[in-house]
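Chemist: Here it is, the structure in full.
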Amino acid sequence: MPDELRTFVAIDIGAPLRAWLEPALAALKAAYPKVRWVKPENIHLTLCFLGATRPDQVPAILALLEAAARAEKPLALAAGEPGSFGRRDAPRVFWLALQPGEALDRVIRLQAELERGLAGLGFPKEDRPWTPHLTFGRNPRHERAAGWEKVFTERPGMISAGPPTIDVDGMILFSSTLTPAGPVYRPLGKGLFQS
């Protein structure tokens with residue numbers, strides 16, 4: 001195992017939502033090839049980014065996840081509208097929102113609890129408030145991508161079917177290895193919600 005890992009805690013979005021996003025991502029990649037579109041298998045809801053993590057810290061992180069998960073029951077999140085950070089015609093980040101409601105409120109409370117617990121383990125809190133979203137594209141060079149939302153709003157299959165819900169039964173600690181082909185995520189453990 002390496003001396004240091006790069007880790008984050010996330011919720012898996014599940015196969016149904018990945019399958020729904022796949023044709024949109026293929027169309028976006030064809031229309032805007034200079035943007036770095038996320039592979040469907042790598043899309044997730046990040047709860048906390050820990051960054052540099054020593055292997056000996058992993059057991060304590062997993063114990064924290066398991067303790068927080070014991071207080072939760074499975075839930076279903078609903079995906080919402082597409083959005084972006086940065087200029088509308090050349091966004092820095094492309095994302096899918098999550099619809100407000102009781103399930104999202106529970107995830108927001110869980111994220112805050114995790115962040116406090118992780119701070120107790122020596123991981124610093126984020127400087128800005130957590131905004132729940134599913135990142136599916138990054139545009140570090142600010143390439144023009146005007147009209148990209150039409151993939152979601154004008155494609156018949158995207159509109160009629162609508163995004164499937166995300167069935168959440170826990171949260172996962174992932175390690176992330178950066179490669180020339182993109183990041184590779186490996187689960188290190190999971191905190192399962194009580195059914």
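Taken together, the values in this text are just the output of simple stated rules run on the coordinates, not laboratory data. Quick caveat, the model's predicted, so the values are computed rather than measured. With ideal geometry, Cβ positions are generated from the backbone for all residues, glycine too; neighbour counts draw on all protein chains shown.
Chemist: Looking at G86, is it more than 13 Å from I11 (Cβ to Cβ) and either in a strand (DSSP E or B) or in contact with a Pro (Cβ under 9 Å, 6 or more places away or on another chain) (or both)?
Modeler: On the way: more than 13 Å from I11 (Cβ to Cβ): yes; either in a strand (DSSP E or B) or in contact with a Pro (Cβ under 9 Å, 6 or more places away or on another chain) (or both): yes.
Yes: the conditions hold for G86.
Chemist: Are any residues in the range 161-182 in a strand (DSSP E or B) and either in contact with a Phe, Trp or Tyr (Cβ under 6 Å, 6 or more places away or on another chain) or basic (K, R) (or both), and if so, which ones? Explain how you work it out, then say what you get.
Modeler: In the first step, residues of the range 161-182 are kept if they are in a strand (DSSP E or B); the result is 166-168, 170-177.
Hits for the range 161-182 are G170, F174, S176.
Chemist: Just wondering, is there one or more residues in the range 56-73 that are assigned to a strand (DSSP E or B) and β-branched (V, I, T)?
Modeler: Taking the range 56-73 first, the residues assigned to a strand (DSSP E or B) are none.
The answer is no; no qualifying residue exists.
Chemist: Among the residues in the range 101-124, are any among the acidic types (D, E), in contact with a Cys (Cβ under 6 Å, 6 or more places away or on another chain), touching a residue at least 24 places away in the same chain (Cβ under 8 Å) and within 25 Å of E4 (Cα to Cα)? First the steps, then the outcome.
Modeler: So in the range 101-124, the residues among the acidic types (D, E) come out as 102, 105, 113, 115.
Still in the running and in contact with a Cys (Cβ under 6 Å, 6 or more places away or on another chain): 115.
Keeping just the survivors that are touching a residue at least 24 places away in the same chain (Cβ under 8 Å) gives 115.
Subset that is within 25 Å of E4 (Cα to Cα): 115.
Yes, the range 101-124 has at least one match.
Each row is one residue, and each column tells you yes or no for (1) aromatic (F, W, Y); (2) closer than 29 Å to P33 by Cα; (3) under 17 Å from the mean Cα position of the chain (by Cα); (4) surrounded by 12 or more Cβ atoms within 10 Å (Cβ to Cβ).
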position: D89; (1), (2), (3), (4): no, yes, no, yes
position: P100; (1), (2), (3), (4): no, no, yes, yes
position: L104; (1), (2), (3), (4): no, no, yes, yes
position: I108; (1), (2), (3), (4): no, no, yes, yes
position: D127; (1), (2), (3), (4): no, no, no, no
position: H142; (1), (2), (3), (4): no, yes, no, yes
